[in-house]
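To start, the structure itself, in C-alpha cells.
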Amino acid sequence: MSTPAFDPDRDLTCPPLYTLNLSAAQRSVLAWLEDHGALFAHVPAPVEEVGDDCELSVSTVYDALARLETLCLVLREPGGAARINARYYFTLHPEMREMITAALAAPEIVPDDRAQAPRKTGNVAARRRRTIRPVDDD
C-alpha cells in the first residue's frame, strides 16, 4: 500500500474551530497557551495560573486541557508542558503553509566539485597575513 502524495491543504490544516464545538473555557485555555508561546514550543501550563488568568476554576482548566488533548489540538509532555498542534498554526497562517509547500516542492541543493575543494584565499589576504608592519614609538 503506497502512501498518498503530500497535499498541504490536507496535511497542514485542521478542521475549523467552530466545527469542534469548543466551550468558552476550552477556547480561553487555547488562547492562553497561544499567548504564552505554545505555538512554537512546549510551555509550562500550571493549572492554577491558567485558571487565575482565564478566571476559571482549576477543575475547569483540567477538563479543558483534557478535551483539547483528546482532540489532539494540544500536545502534552509527561512533565505537564503543553504545545499547540502545528496544524493549528498552519491553519491560522496559510502564507506559511504556502511557503513550506514551495520549499518541499523545490529541488534539493546539491554541492558541486568546487564546493568540495579546499577554500582558496585571495592574493591580497595571503599578503596581508605575511606582512609585518612596524609600530610607531610615539
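The values are calculated or read from the model by the stated rules, or taken from the named source; none is laboratory data. Computed from a predicted model, the values in this text were never measured in an experiment. Cβ coordinates were reconstructed from backbone atoms using ideal geometry, including for glycine residues, and neighbour counts include every protein chain displayed. For accessibility, only protein heavy atoms count, side chains too; no ligands or nucleic acids. Shrake-Rupley method; radii C 1.70, N 1.55, O 1.52, S 1.80 Å.
Listed values, structure above:
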{"item": "Cβ-defined net charge surrounding Y88, 12 Å radius [Lys, Arg +1; Asp, Glu -1]", "result": "+2"}
{"item": "5 angstrom amide H check on L75, placed H, neighbours 5+ away", "result": "R83, I84, N85"}
{"item": "Solvent-accessible area of L20 with every protein chain in place, 1.4 Å probe, in Å² to the nearest 10", "result": "30 Å²"}
{"item": "Those chymotrypsin sites (Phe, Trp or Tyr not before Pro) in the stretch 10-76 that DSSP places in a loop and that have at most 11 other beta carbons within 10 Å", "result": "F40"}
{"item": "Equivalent ellipsoid semi-axes, the chain, via Cα gyration tensor eigenvalues times 5, rooted, Å", "result": "51, 27, 12"}
{"item": "Nearest 10 degrees, 0 to 90: helix 94-105 Cα axis against the chain principal axis", "result": "50 degrees"}
{"item": "Cα Rg over Rh - the stretch 1-48, Kirkwood", "result": "1.13"}
{"item": "Stretch gain in nm, segment M99-R87, where the contour uses 0.36 nm per residue and the Cα spacing is subtracted", "result": "2.9 nm"}
{"item": "Charge dipole magnitude, Cβ of K and R +1, D and E -1 - the chain, Cα centre, debye nearest 20", "result": "1080 debye"}
{"item": "Exposed-loop-free span, longest in the chain, where trypsin sites (Lys or Arg not before Pro) count as exposed if DSSP calls them loop and at most 16 other C-beta atoms lie within 10 Å", "result": "1-118"}
{"item": "Value of Rg/Rh across the stretch 38-90 [Cα atoms, Kirkwood radius]", "result": "0.96"}
